[in-house]
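Worksheet: one structure, shown below.
None of the figures in this text is laboratory data; all of them are computed from the coordinates on show. Small disclaimer: the values here were computed from a predicted structure and weren't measured.
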Amino acid sequence: MKKFILSATFLAFAGFSAVQASEVKDLKNTAVVAVQDSAVKTPVKLEELPEAVSTALKSDAYKGWSATEAWSVKEGAKEYYLINIKKEAETGSVKIDKDGKPVQ
């Protein structure tokens with residue numbers, strides 16, 4: 001009787017775990033689409049940032065934060081500066097246009 005129950009249990013598990021393979025379709029007519037980020041980032045030295053951007057970073061909005069890295073970013077018709085900032089253990093980044101205004 002034990003052999004019968006063991007055999008039935010084995011067949012039940014084998015039936016549940018059966019894998020069904022599907023047919024592989026012809027991949028010659030499949031299109032591959034690659035999306036690339038259109039933004040162009042160029043590293044900028046912190047001392048070479050425009051005066052308006054430097055002034056904005058010294059304003060009360062960024063009090064206690066210090067700039068660590070900066071990039072000039074061209075994203076289509078949009079141009080701005082992406083600046084990494086740090087305050088003790090916190091880090092962040094801000095986008096500021098050449099006139100010193102925050103970019104959304």
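Key figures
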| read-out | value |
| --- | --- |
| Note, ³J(HN,Hα) from phi for the stretch 83-97, Karplus 6.51, -1.76, 1.60, rounded to Hz, x at Gly and Pro | 10, 7, 10, 9, 9, 6, 8, 7, 10, x, 8, 10, 10, 10, 7 |
| Reachable lysines, given that their alpha-carbon falls under 22 Å from the alpha-carbon of LYS78 and they are not under 8 places away in the same chain | LYS41, LYS45, LYS95, LYS98, LYS101 |
| Whether the stretch 39-104 is rounded, prolate or oblate, judged on the alpha carbon gyration tensor where a/c under 1.5 counts as rounded | prolate |
